[in-house]
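A.B. asks: The structure is given below, and queries will be raised subsequently.
The values are calculated or read from the model by the stated rules, or taken from the named source; none is laboratory data. The shown structure was predicted, so the numbers you read here are calculated from the model rather than taken from an experiment. We place every Cβ from the backbone using ideal geometry, glycine too, and count neighbours over all the protein chains shown. Heavy atoms of the whole protein, side chains included, go into the accessibility calculation; ligands, DNA and RNA do not. Shrake-Rupley method; radii C 1.70, N 1.55, O 1.52, S 1.80 Å.
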Amino acid sequence: MLSSRFPSLSLNLWRWLNGLLLGLGAGLVLLPLGVVLWTSFQAGDGAGLTLDHYRQVWARGHFLGAIANSTFVALAVTALQILLSALAGYALARFRFWGQQAVLALVLATLVIPFQLLVIPIFLVLKAGHLINTYGALILPTAVNGFGIFLMRQFFQTIPIELEEAATLDGATRLQVLWRVVLPLARPALVTLFLFTFIGEWNDLFKPLVFTTRPELRTVQLALAEFQEQFTNSWSLLMAAVVLVTVPVVALFALGQRQLIGGIATTGLKN
């Protein structure tokens, strides 16, 4: 009865409750991050805040080389995944061939197979190719991903095919249509794939732990694990190391979050 007489009051109350619930949820998510950040600045004697922990982490952990390795590996894997996913996704979205649905089902089936189950055959292949303890061992095993192919295929289906037909009538080839027409329109999906792939590679500990033993190839996650073993009892140093490793991906996510939301929101919708 009250809502029928005062619709604006009911709407404002609902908005207020919705905002309150979202605020509480955000607080629960951000609370552990706040504790980590606060602990990283705590002085050893408990008096005041200090940046000394970050200086010690940078000096003792030797993170510069690890950050360079992780950046190189993550960018290389991301570039390969974007290239191969765009080509394969476009073929599955636009071409019609025998066994197309079977190929798509096979791509989706790879999503349910954990990478750890494939580590032995991958290791044997890398060993046969003399790629163990090289950057190739960190890049090639994840250069192709079923999620990326499916994501690009779904997004390409949302692009009106009339745009491609018009470009074809103007004399453009399939690759020119893909490069000049389709990919510029698929920027939200490309950014989404870039963020998922880069962050996943940045946070990966399994590949460098299994496929490499050379110290000059260690990544940030491996360096963080080694640092944790050395300074188990110093929580401020450990939290400072965690913040140092996390800041690059958080900044990258903040820069691309709008495109990420757009890519997720529109993927799966057809024109």
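A.B. asks: Mind putting together the pair-distance distribution for region 109-264? All Cα pairs, 10 Å bins, whole percent per bin, short to long.
C.D. replies: The distribution over region 109-264 is 9, 26, 29, 23, 9, 3, 1, given as percents.
A.B. asks: What number, in percent, do you get for the relative contact order of the chain if the mean sequence gap of Cα pairs under 8 Å and at least 6 apart is divided by its residue count?
C.D. replies: 31
A.B. asks: In addition: Measuring from label point to label point, each 7 Å out along Cα→Cβ, what is the LEU104 to VAL29 span in nm?
C.D. replies: About 3.1 nm separates the two model spin labels.
A.B. asks: If you add up the charges near VAL210, with Lys and Arg at +1 and Asp and Glu at -1, over every other residue whose beta carbon is less than 12 angstrom from its beta carbon, what do you get?
C.D. replies: Computed value for this residue: +1.
A.B. asks: Here's another thing I want to ask about it. Could you check how much of the accessible area of the chain is carbon and sulfur, as a whole percent, using a 1.4 Å probe?
C.D. replies: 71
A.B. asks: Normalise the Cα radius of gyration of region 61-135 by 2.2 N^0.38 Å (N = residues in it) and let me know the number.
C.D. replies: 1.49
A.B. asks: May I pose another question? Which of SER70, SER85, SER234 moves the most in a Gaussian network model of the chain with Cα springs under 10 Å?
C.D. replies: The residue that fluctuates most here is SER234.
A.B. asks: May I ask you to derive the relative contact order of region 66-167, considering only C-alpha pairs under 8 Å and at least 6 residues apart, and to give it as an integer percent?
C.D. replies: Contact order relative to length: 53 percent.
A.B. asks: What is the packing order of peptides 174-185, 97-108, taking the mean over residues of other C-beta atoms within 10 Å and listing the highest first?
C.D. replies: Top to bottom by mean Cβ count within 10 Å: 174-185, 97-108.
A.B. asks: Continuing with the same structure: Let me test this: with uniform point scatterers at the alpha carbons of region 159-236, what is the Debye-based log₁₀ I(q)/I(0) at q = 0.16, 0.24, 0.25, 0.26 1/Å?
C.D. replies: -0.72, -1.05, -1.09, -1.12
A.B. asks: Under the Karplus relation 6.51 cos²θ - 1.76 cosθ + 1.60, θ = phi - 60°, what is the ordered set of whole-Hz ³J(HN,Hα) values for region 128-144, x standing for Gly and Pro?
C.D. replies: The phi angles translate into 5, x, 6, 10, 5, 6, 9, 5, x, 5, 8, 9, 5, x, 10, 5, 10 Hz.
A.B. asks: To two decimal places, what compactness ratio does region 13-68 give when its Cα radius of gyration is scaled by 2.2 N^0.38 Å?
C.D. replies: Compactness ratio reported: 1.76.
A.B. asks: When the Kirkwood radius is taken over all Cα pairs of the chain, what Stokes-Einstein diffusion coefficient follows at 4 °C and 1.567 mPa s, in µm²/s?
C.D. replies: Translational D for this selection: 59 µm²/s.
A.B. asks: HN-Hα J couplings of region 243-250 from phi, Karplus 6.51/-1.76/1.60, θ = phi - 60°, integer Hz, Gly and Pro as x?
C.D. replies: Values per residue, Gly and Pro as x: 4, 4, 6, 7, 4, x, 6, 5 Hz.
A.B. asks: Now a separate question. How big is the dipole moment of the chain about its Cα centre under a simple scheme where the beta carbon of each Lys and Arg is +1, that of each Asp and Glu is -1, and everything else is neutral? Debye, nearest 20, please.
C.D. replies: Magnitude of the dipole: close to 500 debye.
A.B. asks: Give me the base-10 log of I(q)/I(0) for region 42-100 at each q in 0.27 Å⁻¹, Debye formula, one uniform scatterer per Cα, rounded to two decimals.
C.D. replies: -1.01
A.B. asks: Follow-up question, since we're still on this one. Over the alpha-carbon set of region 16-142, work out the extent along each principal axis and list the three values in angstrom, largest first.
C.D. replies: Principal extents (largest minus smallest coordinate, Cα): 70, 53, 25 Å.
A.B. asks: With the contact rule set at Cα under 8 Å and sequence spacing of 6 or more, what percent relative contact order holds for region 174-267?
C.D. replies: 47
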